[in-house]
Amino acid sequence: MILKIYFGDNPVFICDEIPPVIAKYKRHPDTVFIDDMTHHGIKTLLHEIAKPVFHAGILYTTDMEQSKKLFRKHFTVIQAAGGLIENEKGDILMIYRRGKWDLPKGKLEEETPEEGAVREVKEETGLTEVQPGAFILTTYHTYTEFGKQILKETFWYRMKASSAQTVKPQTEEDILHVEWVKPAALNEKLNNTYPSIKDVMETVLRQPEG
């Protein structure tokens, strides 16, 4: 089992195996490998992450569930949900916020992740009719807010919406544009997005629809 958490653009893997994709990171001289899955080991990793040369981190464990709980204790955990919305032409709806292309998402309220994903999509894009679909994956990234270390856990869903609907950016959430992106233009947008959004896109491309 592998859990990937982004610190900025750099990944940290909590894993109980070392498949080729992680072995490649492990060979890099600026990857931090720790097999001491204790509070001390996690603090050591977090100290190394602050260094400019940090490339990636690997926390190797024999007990994934216990290790995930231990890791989460070092953060304030926030849950969010979002959607990858496709129209009848196969275009994907993206938003432009704070200098990056993104997918609509937001913090959960008193609701299920699917309900929250649909609500956030509607609020951030102006869509009024959205058809929820299959779960895609859960992404994790960290940031600092008011001096606290935040771990955001985001649940992603596929969705369908008609391109005939009017879209409108939620400017109070710093969204400047909402755009249907044709498949041929996706790479240009993905050159200016977050690594977790790339993971969502890549997972969808590998998944059969349904």
Multiplying the sequence separation of N10 and E145 by 0.36 nm and subtracting their Cα-Cα distance, what value in nm do you get? 46.7 nm
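May I ask what percent, to the nearest 5, of DSSP beta bridges between residues of the chain are antiparallel? Walk me through the intermediate numbers first.
Details: 31 of 52 bridges.
So the antiparallel bridges in the chain amount to around 60 percent.
Please report the relative contact order for the stretch 1-151, taking Cα pairs under 8 Å with a sequence separation of at least 6, and give it as a percent rounded to a whole number.
On the way: 217 pairs, mean separation 34.5, N = 151.
Here the relative contact order equals 23 percent.
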Pull up the cross-link candidates among the lysines for K68, meaning alpha carbon to alpha carbon under 25 Å and not fewer than 8 places away within one chain. K4, K24, K26, K43, K51, K105, K107, K148, K152, K198
For the stretch 2-72, compute Rh as the Kirkwood radius over C-alpha pairs and then the Stokes-Einstein diffusion coefficient at 10 °C and 1.306 mPa s; write the answer in µm²/s, rounded to an integer. 132 µm²/s
Put a dot 7 Å past each Cα toward the Cβ at A134 and R27; how far apart are the dots in nm? 3.3 nm
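Decide, for the stretch 78-207, between rounded, prolate and oblate: order the square roots of the alpha carbon gyration tensor eigenvalues as a ≥ b ≥ c, take rounded if a/c falls under 1.5, and otherwise choose prolate if a/b is larger than b/c, else oblate. Please list the in-between numbers first.
Numbers: a/c = 1.37, a/b = 1.29, b/c = 1.06.
Here the stretch 78-207 falls in the rounded category.
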Under a plain spin-label model, where a point goes 7 Å from the Cα along Cα-to-Cβ, how far apart in nm are A184 and E111? 3.6 nm
D35-L205 FRET efficiency (beta carbon distance; Förster radius 25 Å; 0.05 resolution): 0.15
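Readers should treat all values here as calculations from the given coordinates under stated rules, not as data from a laboratory. These numbers come from a predicted model, not from an experiment. With ideal geometry, Cβ positions are generated from the backbone for all residues, glycine too; neighbour counts draw on all protein chains shown.
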